[in-house]
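Some notes on the structure that comes next.
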Amino acid sequence: MSEGTTVIVGGTRGCGRALAEHIAGEGGRVVISGRDRAAAEQVAEQIGGGTKAVALDLATPDTIGSALAEVGAVDHVVLAAIERDSNSVRDYDIARAVRLVTLKLVGYTEVVHALHERMHEHSSVLLFGGMAMRWPYPGSTTVTSVNGAVSSMVRTFLVELAPVRVNALHPGIVGDSPAWVGAQQVLDNVVARTPTGRCVTMHDVTDAALFLLRNAAVNGVNLELDGAWMMR
């Protein structure tokens, strides 16, 4: 197996950063991306372990290939970048909807297209979706749609990229994510409706991501990670 790199698109914050920190802490080679080069390089320095940074905006897919041009052999590709969009049918913002669809569908696909020739038979791809695909909420029209599409992308990617494995991770509300700071009432409501009695944590997400990336028999899986929320 070649000594390659884990590329984490969206690795400058949240669950993507937590995963980058874990892999770098094990001695793995990591490339993270963010939209702002200086900010991404600062995070890479904080992560340490020789972590590298590139500037990449999934919403401008024509620029992705050149942004990834200097990445060498690739063991794993993680597409963890997200944007939270509140966009209802009654009050529809076309520009925001087009940006999110482009980011999550065209951008995700273009990253894999740009890197696939640098992968090998033991490589894997991990797409991040989300539980909005199953549990929509007011304003989630675009989010629900693109996360549902991610589950289909897994199946098409694995056919086209075989033997490279392709899986997706769909976390519920991640209680210790910076995105939910100051939203304790929301988190309390989630806990009250979750049989495990707690929210998903970033450690849970990292653990699940590593399983999907590394287990050689896991392919075509859409793993829902929410503690069976709404089942209580």
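Here, each number is a calculation from the coordinates, and none is a lab measurement. Because the structure is predicted, anything quoted here is derived from the model rather than measured. Reconstructed Cβ throughout: ideal geometry from the backbone, glycine too, with neighbour counts over all protein chains shown.
Residue by residue, the range 170-176 carries 3J(HN,Hα) couplings of 10, x, x, 5, 8, x, 9 Hz when phi is fed to the Karplus relation 6.51 cos²θ - 1.76 cosθ + 1.60 (θ = phi - 60°); x denotes Gly or Pro.
At most 11 other Cβ atoms within 10 Å plus a DSSP loop assignment makes a site exposed; report the longest stretch of the chain without any exposed GluC sites (Glu not before Pro). Counting at most 11 other Cβ atoms within 10 Å as exposed, the longest clean stretch of the chain is 122-232.
Between the range 49-77 and the range 144-189, the C-alpha centres lie 21 angstrom from each other. Restricting the range 81-180 to trypsin sites (Lys or Arg not before Pro) that sit in a DSSP loop and have at most 14 other Cβ atoms within 10 Å of their own Cβ leaves Arg84, Arg90. For the range 93-147, rounded, prolate or oblate, judged on the Cα gyration tensor with a ≥ b ≥ c (square roots of eigenvalues), a/c < 1.5 rounded, else prolate if a/b > b/c? It comes out oblate by the Cα gyration axes.
Counting neighbouring beta carbons within 10 Å and listing from fewest to most, the residues Leu223, Leu158, Leu212 come out as Leu223, Leu158, Leu212.
Label-to-label distance for Ala179 and His120 is 3.4 nm, based on points extended 7 Å past Cα in the beta-carbon direction.
Between Asp62 and His113, the distance separating the two model label sites (each 7 Å from Cα on the Cα→Cβ line) works out to 1.3 nm.
How do Val164, Val9 rank when sorted from fewest to most other Cβ atoms within 10 Å of their own Cβ? Working shown, then result.
Values: Val164 21, Val9 26.
Lowest to highest Cβ neighbour count: Val164, Val9.
Each residue, Ala162 and Glu45, gets one label point 7 Å from its Cα in the Cβ direction; the gap between the two is 4.7 nm. Using a cutoff of 8 angstrom between alpha carbon atoms and counting only pairs six or more residues apart, the relative contact order for the range 5-225 works out to 19 percent. Taking every DSSP bridge with both residues inside the range 5-225, close to 0 percent are antiparallel.
Each of Val186, Val150, Val89, Val143 was scored by other Cβ atoms within 10 Å of its Cβ. Arranged with the fewest first, they read Val89, Val186, Val150, Val143.
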